[in-house]
């Protein structure tokens, strides 16, 4: 059994290395990879910060929508014309990321900026969705 575990692990490692070598030495092997930005979502008190890694994209390449408690980030990373892609680790094409928010948002407080390839979106919880303290009356 011990040998079969080693053989199995070794086989997986060799298979992984074989795929990696194919990606490197076969031009265009990764050409069809679709761009899908990595997203971080952090919550602190009544605010949420969403950060999306969108390297090489400009403001006009991106759209942000908020509807029914769902934040949607979409856009397109275009392939440069006349350039042969040998390895495409970032990917190209249209993308759409939808994130369900844990509370309703004060839409007047929405704030988004793009800096150094990171899209940052700040959302504040709507006043009517915040917990309220209810006073107990003594009779």
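Potential lengthening of the chain between residue 120 and residue 136 amounts to 1.6 nm, from the contour at 0.36 nm per residue minus the alpha-carbon distance.
Inter-label distance, residue 113 to residue 96: 3.0 nm, where each label sits 7 Å from its Cα along the C-beta direction.
The gain in end-to-end length when the residue 106 to residue 53 segment is fully stretched comes to 16.6 nm, 0.36 nm per residue minus the alpha carbon separation. Counted residue by residue at 0.36 nm each, then reduced by the alpha carbon distance between them, the extension gain from residue 39 to residue 70 reaches 9.7 nm.
In terms of other Cβ atoms within 10 Å, 46, 68, 15 run from fewest to most in the order 68, 15, 46. With the cut-off at under 17 Å, measuring from each backbone N in region 107-134 to a point 7 Å along the Cα-to-Cβ line of residue 78 picks out no residue.
Treating each Cα of region 33-128 as one equal point scatterer and applying the Debye formula with no solvent, the log10 of I(q)/I(0) at q = 0.11, 0.13, 0.19, 0.20 Å⁻¹ comes out as -0.36, -0.48, -0.89, -0.96.
Taken together, the values in this text are just the output of simple stated rules run on the coordinates, not laboratory data. Since we're looking at a predicted model, the values are computed, not measured. So basically every Cβ, Gly included, is an ideal-geometry build from the backbone, and we count neighbours across all protein chains shown.
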